[in-house]
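Below you'll find the structure, written out as structure tokens, and then a few comments.
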């Protein structure tokens, strides 16, 4: 049964990090982009470390217009101390009943309180410490021990002037007190989830040992220096006489916001207006967005296959998909940079660039204007007034509600495509308005108005890639290389190529390591497929020298799966530096289960099993439903020789997370190792039913069935494995061996000949044929 145990190890290495062992010496080849990047000068002043924050009030004297625009903006109201002046909700002994629970909002001694279920679901009275946001909803923060601020799940609707519960609209279910998402737990923790984008110069200050926060800010809200950086040097510059002011600086400001490219401008806003993972507290010194954060691709479950918003995605990845971005439109072409309001109303906003006689006409949009004769469209869920269909944003920026009542427009500025709705099930603007009509109805009208031809859309490729459709591999490769497509779509294509472990996909991803875009290089490092040990080492070693932090630290993470003696001493310093960067980034977000899980993988890769166990256990403590940590912790226990605890974890996963098919396979392998063969067969059969495309499951199941003297079942399993991978030597060999043991030498000979034909460089086929000949000679005549 050692063959099954070995496969258990191989499987887990693949599942957690695509590991391998290599003995090849490596010669590094540096990508061209590295040579180019060395010529780019930093635009951060040399005295950046001397500058300090001075506060928004210091800007009034010279920038009163900009200050007044900012005053009262959403940035200004991003967060505030809770007072009767700043709080918009009704705390006048107001009762709000939800799900059978009476919640009460009241005042006492000049302070504001809420009586509501708290930790463990127990009722309690909690003082409101801060307001969070302004409209269309305002949330409230409550202080807890350990420096934690938690977001109350009951918010104030500023449009309807009433309380509402976010569980109804955001989660559509009741969240129990032991759930990570419960309001007193980490999923609603302000310090880690929200703070860095709502205050200026925020320092999170999380201590992983004590599990406490010492979070600080310079200004409680999003002030001038949140965007322009610490401004003490700017004040010094402003005090100089005009003739003495140096002209080769950004007026002493550390962050340049004028005379920069569209990409630089949009990336600057992306610091907050993106769905992303953050690597450290913000500082002005980063040269690439991925030095500070890793933006989310347009993948599941956050986006529809064509890149339309699904979850709360915060604009950035949507805007990168737009023709506007491709044509150098930037955020402040539509939004005032200081008030954040639109600079023009209605279609006038779009007519800054788009010709009115071509686009703001009935012949373009085929809808009546406001004031024209007609009746409102009365639907089951809404009323659409005459004129709404003539508004550009309603067709080209269809939106969704988030946080219960916050309607946000999709910033990918796309043409309505009901044909894509019919093909791949994505939404379209026509049916989001005409909810009473079918998709075919919308397709018919679009064809009548604009003709039948439609340009191919990358969403069709990504949709097939999500399904691991075999015919999508070539299209995904082309998409990944095509610079005419949005960079986030290209990066998403790379992530989907990991579903196609072939030589073509492997070569494509390796070639993309040299792309100019850091997002592409990062995706390529993460999804690099290992077909050649030598190539893997060469390519990952070269990425240790990437100028962008997220790229090089993930290259080190991938290399950590190797035995330490495989890292060439010439590159040991670069490797250790990148490993430290990875650890620091994960420790920065160590209050999240995913970061603890990643640290667990890293330490397990490096053989530090005690540290791996600690981090996996901490991930589970943070989120008891985070099953990947349970699976990897089970593997660590297996490596420690503690299969009893490993079994408990696997049993917990299959009981509480029956949808996790991988757990059945891993549990079956563990049971086989523990010599509980009957149960092992049961779980491997369940795994085979759930993952019928996973050929290795059938191979291991066949080995068990053969061992348990069930030859017919074993034969069927082996044949199923071979049908899924017709040229796999393991499967050809095991069938030849099986038929020899069954005395079916003609059948065994067929598989031996196939091995000989497919793998002429090996002697295995010839050796099996010799065994068969010897066996035939021993048969009675």
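The values are calculated or read from the model by the stated rules, or taken from the named source; none is laboratory data. In this text the structure is predicted, and so the values were computed from the model without any measurement. In this analysis, Cβ positions are derived from the backbone assuming ideal geometry, glycine residues included, and neighbour counts consider all displayed protein chains.
Odds and ends about this structure:
- The listed residue being surrounded by fewer than 21 Cβ atoms within 10 Å (Cβ to Cβ), over 25 Å from residue 123 (Cα atoms) and in contact with a helix residue (DSSP H, G or I) (Cβ under 6 Å, 6 or more places away or on another chain), out of 158, 215: 215
- Residue that is surrounded by the fewest Cβ atoms within 10 Å (Cβ to Cβ) [pool: residues in region 373-402 that are under 26 Å from residue 302 (Cβ atoms) and modelled with pLDDT under 90]: 381
- First in region 432-447 and free of Cβ contacts under 8 Å to residues at least 24 places away in the same chain and at negative phi, second anywhere and surrounded by fewer than 18 Cβ atoms within 10 Å (Cβ to Cβ) and part of a helix (DSSP H, G or I), Cβ under 8 Å, 6 or more apart: 439/422; 440/422
- When the residues of region 50-74 are filtered to those that are part of a helix (DSSP H, G or I) and surrounded by fewer than 12 Cβ atoms within 10 Å (Cβ to Cβ), the one that is modelled with the lowest pLDDT is 50.
- Screening residue 82 on (1) within 35 Å of the chain's Cα centre (by Cα); (2) loosely packed, with under 13 Cβ neighbours inside 10 Å shows it passes everything except condition (2).
- Filtered residue count, region 625-647, keeping only those that are more than 13 Å from residue 671 (Cα to Cα) and part of a helix (DSSP H, G or I): 10
- For region 75-172, the strands (runs of 3 or more DSSP E) that sit wholly inside it and include 1 or more residues that are over 30 Å from residue 336 (Cβ atoms) and modelled with pLDDT of 95 or more are 94-98, 101-108, 111-117, 123-132, 137-144, 148-151, 154-157, 162-165.
- Applying the criterion of being under 15 Å from residue 314 (Cα atoms) and surrounded by fewer than 23 Cβ atoms within 10 Å (Cβ to Cβ) to the residues of region 409-418, the residue that is nearest to the chain's Cα centre (by Cα) is 409.
- Region 315-408 holds helices (runs of 4 or more DSSP H) entirely within its bounds, and those carrying 3 or more residues that are within 38 Å of the chain's Cα centre (by Cα) and within 30 Å of residue 483 (Cβ to Cβ) map to 316-320, 323-326, 392-396.
- Where residue 257 falls short, out of the listed (1) within 17 Å of residue 75 (Cβ to Cβ); (2) under 30 Å from the mean Cα position of the chain (by Cα); (3) surrounded by 19 or more Cβ atoms within 10 Å (Cβ to Cβ): (3)
- Per the conditions (1) over 29 Å from residue 207 (Cα atoms); (2) at pLDDT below 95; (3) surrounded by 17 or more Cβ atoms within 10 Å (Cβ to Cβ), the sole criterion not satisfied by residue 243 is (3).
- Scanning region 334-374 for residues that are free of Cβ contacts under 8 Å to residues at least 60 places away in the same chain and touching a strand residue (DSSP E or B) at 6+ places or on another chain (Cβ under 9 Å) yields a total of 5.
- Selection within region 252-280 - assigned to a loop (DSSP other than H, G, I, E, B) and farther than 17 Å from residue 229 by Cβ: 261, 273, 274, 275, 279
- Selection count, region 464-477, where residues are without any contact (Cβ under 8 Å) to a residue 24 or more places away in the chain and in contact with a helix residue (DSSP H, G or I) (Cβ under 8 Å, 6 or more places away or on another chain): 3
- Residue match in region 727-738 (condition: farther than 25 Å from residue 697 by Cα and without any contact (Cβ under 8 Å) to a residue 60 or more places away in the chain): no
- Residue 628 in contact with a helix residue (DSSP H, G or I) (Cβ under 7 Å, 6 or more places away or on another chain) and without any contact (Cβ under 8 Å) to a residue 60 or more places away in the chain: yes
- Which numbered condition residue 444 fails, given (1) assigned to a loop (DSSP other than H, G, I, E, B); (2) over 30 Å from residue 161 (Cβ atoms); (3) not assigned by TED's automatic domain parsing to the domain that holds residue 316: (1)
- Inside region 225-251, residues that are part of a loop (DSSP other than H, G, I, E, B) and either in contact (Cβ under 8 Å) with a residue 40 or more places away in the chain or within 28 Å of residue 317 (Cβ to Cβ) (or both) make up a count of 5.
- Qualifying position, being modelled with pLDDT of 95 or more and either part of a helix (DSSP H, G or I) or under 17 Å from residue 307 (Cα atoms) (or both), among 471, 463: 463
- Single residue of region 167-192 satisfying the filter (surrounded by fewer than 16 Cβ atoms within 10 Å (Cβ to Cβ) and in contact with a helix residue (DSSP H, G or I) (Cβ under 8 Å, 6 or more places away or on another chain)) that is farthest from residue 213 (Cα to Cα): 173
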